[in-house]
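Below: one structure, written as structure tokens.
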Amino acid sequence: MTVDYIFDSLNQLLPELAGSSLFLIISMLLPIALLLGFITIYGFGVIYSEIKVSSFIQDKTGPMGQGPGLHAGKWGLLQPVADGLKLFIKEDIIPASADRPLFILAPFLIFIGALTSFIAVPFGEKIIITDMNIGIFYIVGMGSLAVIALILAGWSSNNKWALYGGMRSAAQIISYEIPAGISLVAVIMIASSLSMQEIIAYQSGGITNWIIFDNPFMPIVFIIFFISTLAETNRTPFDLPESESELVAGFVTEYSGTRYAIFFLSEYANMFVVSAVSATAFFGGWQSPVDGFLDSPAWSVFWMISKTFFLVFVMIWIRWTVPRLRVDQLMHMCWKVFIPIGLFNVFGVAIWTILRG
């Protein structure tokens, strides 16, 4: 029994169940359960990849003796599980002078922003929770919740290091949303749609039809967008809001246990979301790189996940390769380099599109 047969069977069965109360309950709970399950598996995979890739880059072995694997645990497969358990069972401490309601709210707010962004992410040709006609705009908007959450975390901690980290986060994320948004404007101009699925459909026909190869400006647009998303997700070399060499741990200085873990997991969730947006906007999303080759609905999931995970891997690679920038260098690159080049790219794409016809 193939996966395509399962898809066809479900498409025939769903109309018959559409009127029942059971269907309504399942239709509400199943996407949430599947999404939480995916995030759990993804969280394990990306944390394991982070520790192993970083170890390889630094010429180390990394965790070796935890869990099953080659030669009695040589792979260290249970290290992410051990780290997660340690965080979730640690004592949850709230400073006496902290603003308790806001201190508790901040980590959940950032996680809600990351979780709700998955609603508009196309995992395959037929696997998307909601195909919004403004999907890409919705994801950008949900990502902006991180700004509020990090400011709340810094302010409510009543700690000068946390406050500095929160203010840095606001300046950094708001600033880099501008070149990232400008880059997406170029994509929207080419695809003539804000829908994630329609942007992917525009790129059908193989790798030569991907938007990144549409015109000479788009590779530069992608580079600006990808670097800007690194800054928006607080990934090194843009992790200034939690720079331990200057701010102890920035906005998470006073957080411990489960609340700290939620900030940690939200960063990885945001990495997947922005990588999925990059794959959708520039690399054909769930489209096969070769027209007509493995382009069924089942294989579309493979292509989308593979492209997204590759970009997540690049983020991890950059983190353990490039040194951290200074704050003035970070803001200079945004306002004096990326934004002018981004505006020039939009103008160039507009002219190119008009001349092409």
**Request:** Determine whether Ile127 is modelled with pLDDT of 85 or more, over 11 Å from Val252 (Cα atoms) and of a type in the set (A, V, I, L, M, F, W, C).
**Result:** no
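Yes/no per residue for (1) hydroxyl-bearing (Ser, Thr, Tyr); (2) in a loop (DSSP other than H, G, I, E, B); (3) in contact (Cβ under 8 Å) with a residue 40 or more places away in the chain; (4) in contact with a strand residue (DSSP E or B) (Cβ under 8 Å, 6 or more places away or on another chain):
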{"residue": "Ile220", "(1), (2), (3), (4)": "no, no, yes, no"}
{"residue": "Ser266", "(1), (2), (3), (4)": "yes, no, yes, no"}
{"residue": "Ser275", "(1), (2), (3), (4)": "yes, no, yes, no"}
{"residue": "Trp286", "(1), (2), (3), (4)": "no, yes, yes, no"}
{"residue": "Pro289", "(1), (2), (3), (4)": "no, yes, yes, no"}
Given (1) over 21 Å from the mean Cα position of the chain (by Cα); (2) buried (at least 18 other Cβ atoms within 10 Å of the Cβ), Ile173 misses just (1)
Of the listed residues (Thr258, Thr229), the one being among the β-branched types (Val, Ile, Thr), in contact with a helix residue (DSSP H, G or I) (Cβ under 9 Å, 6 or more places away or on another chain), surrounded by 18 or more Cβ atoms within 10 Å (Cβ to Cβ) and touching a residue at least 12 places away in the same chain (Cβ under 8 Å) is Thr229
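Among the residues in the stretch 176-186, are any aromatic (Phe, Trp, Tyr), part of a helix (DSSP H, G or I) and under 18 Å from the mean Cα position of the chain (by Cα)?
Yes, the stretch 176-186 has at least one match.
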In the stretch 234-289, residues that are hydroxyl-bearing (Ser, Thr, Tyr) and farther than 21 Å from Gly141 by Cα total 9
Does Asn215 qualify as being under 22 Å from Ala180 (Cα atoms) and either surrounded by fewer than 23 Cβ atoms within 10 Å (Cβ to Cβ) or not assigned by TED's automatic domain parsing to the domain that holds Gly124 (or both)?
-> yes
Of the listed residues (Ile318, Ile305), the one being aliphatic (A, V, I, L, M) and buried (at least 18 other Cβ atoms within 10 Å of the Cβ) is Ile305
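Quick check on my filter: what residues within the stretch 318-330 are part of a helix (DSSP H, G or I) and within 22 Å of the chain's Cα centre (by Cα)?
Across the stretch 318-330, the qualifying residues are Ile318, Arg319, Leu330.
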Only unsatisfied item for Ala269, checking (1) within 30 Å of Glu91 (Cβ to Cβ); (2) of a type in the set (A, V, I, L, M); (3) modelled with pLDDT under 85, is (3)
Original post:
Regarding Ile220, is this residue within 18 Å of the chain's Cα centre (by Cα) and not small (Gly, Ala, Ser)?
Top reply: no
State whether one or more residues within the stretch 102-120 are buried (at least 18 other Cβ atoms within 10 Å of the Cβ) and not in a helix (DSSP H, G or I). no
Inside the stretch 316-357, the number of residues satisfying the requirement of being of a type in the set (Val, Ile, Thr), out of contact with any helix residue (DSSP H, G or I) (no Cβ under 9 Å at 6 or more places or on another chain) and modelled with pLDDT under 90 is 2
ask   = Any chance the stretch 73-90 includes a residue that's farther than 17 Å from Ala261 by Cα, at pLDDT below 80 and either among the charged types (D, E, K, R) or part of a helix (DSSP H, G or I) (or both)?
value = yes
* Determine whether the stretch 143-166 contains at least one residue that is in a helix (DSSP H, G or I), basic (Lys, Arg) and in contact with a helix residue (DSSP H, G or I) (Cβ under 6 Å, 6 or more places away or on another chain). => no
(1) of a type in the set (A, V, I, L, M); (2) farther than 30 Å from Leu87 by Cβ; (3) part of a helix (DSSP H, G or I) all hold for Met315 apart from (2)
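The values are calculated or read from the model by the stated rules, or taken from the named source; none is laboratory data. Not measured: the values here are computed from a predicted model. Using ideal geometry, Cβ is built from the backbone for each residue, glycine included, and neighbour counts are taken over all protein chains shown.
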